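Okay, so here's the structure we're looking at.
The values are calculated or read from the model by the stated rules, or taken from the named source; none is laboratory data. Since we're looking at a predicted model, the values are computed, not measured. Positions of Cβ are backbone-derived with ideal geometry, glycine not excepted, and every protein chain shown enters the neighbour counts.
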Amino acid sequence: MASHGIPRQSVKAEVDTERNRKEVQTYRDLESSVHEKIAARKYSHDTLEQVSELLKKNPEYYTIWNYRRLIRQHEFAEATSESGQPEASQIMPIIKSDLEFLFPLLRSFPKCYWIWNYRLWILNEAKRLLPRQLSRQFWEGELALLGKMLNADSRNFHGWGYRTFVIEALEDLADDGEPSMTQAQIDYTTKMIKTNLSNFSAWHYRTKAIQKILDEKKASDEERRQVLEQELELSHNALIDPYDQSLWFYHQNLMCVFDPSLADRTLAPGLSSPERLRYVQEEKELINEMLEEYTDCKWIYQALVDCNLIAAKIEGTMSAKNRAEVLEWLKSLNELDPLRKGHWKDIENQVT
């Protein structure tokens, strides 16, 4: 179809091009205006509005986030009482306004580092400038908000990392004698894992939280052994899908407990060599059973290789039987994961 001899498609393309040109020019004008005002130290409400508009258009523009910090720092400096102390009644609305501005940006760009970075900064300003109880209200609200966000996107690694900072801040702001939040963190990872076994972030932060709570409690070797066995059982129950990489990463982390070269930095460093060897053999038997049904799963072969390598470290040598097993499993790994053939070759050279 054509109108007055001009194809409609050509007309639409010209309109789109003109619209894009105007949008680019508008963006450049806004950018120039913001740079000029900041250079002139015009930390006004109008400058803040333009900074906000620019960040809505481009939240990855980290320089503009720094400009926003300059404006807020100027406002905080002016929000003081007659004694020169920070005035909470003036500071709280500023922080609340920033948190409200950031929320829709986080929903639209949940993996943008600079939004998370700025949000953490403004909350730390609350911690620096406000009385403890008032600051704590903001951080508690943040933890509740993160719960909602991670329910919507449970594997957002930025969100999980940020959640750790929030919990650390809340513990720092806690009253004397208030219990640690580490157990609550472990319980939260359990909940999220049950919701989605493939949640790598939940498994990752579970590792950190368990190590932390054992250190906080000054747990005995026996208590640490009990936790280890609970976590091994959890990983076994989770491995209903052996093709899920997240689960194997957690299992691999637990296997580090039995590696003499790594054990000191794990959740159960006090195991004896016979105990370590027994655990490794039990894991090997369990994983071997999985191999009977899933012969094309590279993670199973890799876990079996790791079992024999760790056993060799514990015993100081690798038996001929274990060496033959490793070489056979490496053949399968070369077929299933040829992109890592160099790594498999290194292991082969190590055991021969």
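Listed values, structure above:
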read-out: Test: residue in region 308-318 that is outside any helix (DSSP H, G or I), of a type in the set (S, T, N, Q) and within 25 Å of H236 (Cβ to Cβ); value: no
read-out: Given (1) surrounded by 15 or more Cβ atoms within 10 Å (Cβ to Cβ); (2) under 25 Å from V227 (Cα atoms); (3) charged (D, E, K, R), index of the condition K298 fails; value: (2)
read-out: Scan of region 120-149 for residues that are surrounded by fewer than 20 Cβ atoms within 10 Å (Cβ to Cβ), within 17 Å of the chain's Cα centre (by Cα) and either part of a loop (DSSP other than H, G, I, E, B) or of a type outside the set (A, V, I, L, M, F, W, C) (or both), ordered by number; value: G147, K148
read-out: Options L277, L232, L267, L247; residue that is touching an Asp or Glu at 6+ places or on another chain (Cβ under 8 Å) and either among the polar types (S, T, N, Q) or closer than 23 Å to L336 by Cα (or both); value: L247
read-out: Extreme residue, farthest from the chain's Cα centre (by Cα), among residues of region 316-352 that are among the polar types (S, T, N, Q) and under 14 Å from Y301 (Cα atoms); value: N322
read-out: Close pairs (8 angstrom Cβ cut-off, 6 or more residues apart or separate chains): under 23 Å from S261 (Cβ atoms) and modelled with pLDDT of 95 or more in region 286-314, among the hydroxyl-bearing types (S, T, Y) and in a helix (DSSP H, G or I) anywhere; value: Y301/S332; I314/S273
read-out: Options L197, L145, L150: the member that is within 27 Å of F76 (Cα to Cα) and of a type outside the set (S, T, N, Q); value: L145
read-out: Count - residues of region 256-293 that are under 29 Å from the mean Cα position of the chain (by Cα), among the acidic types (D, E) and surrounded by 14 or more Cβ atoms within 10 Å (Cβ to Cβ); value: 2
read-out: Yes/no for T17 being surrounded by fewer than 12 Cβ atoms within 10 Å (Cβ to Cβ) and part of a helix (DSSP H, G or I); value: yes
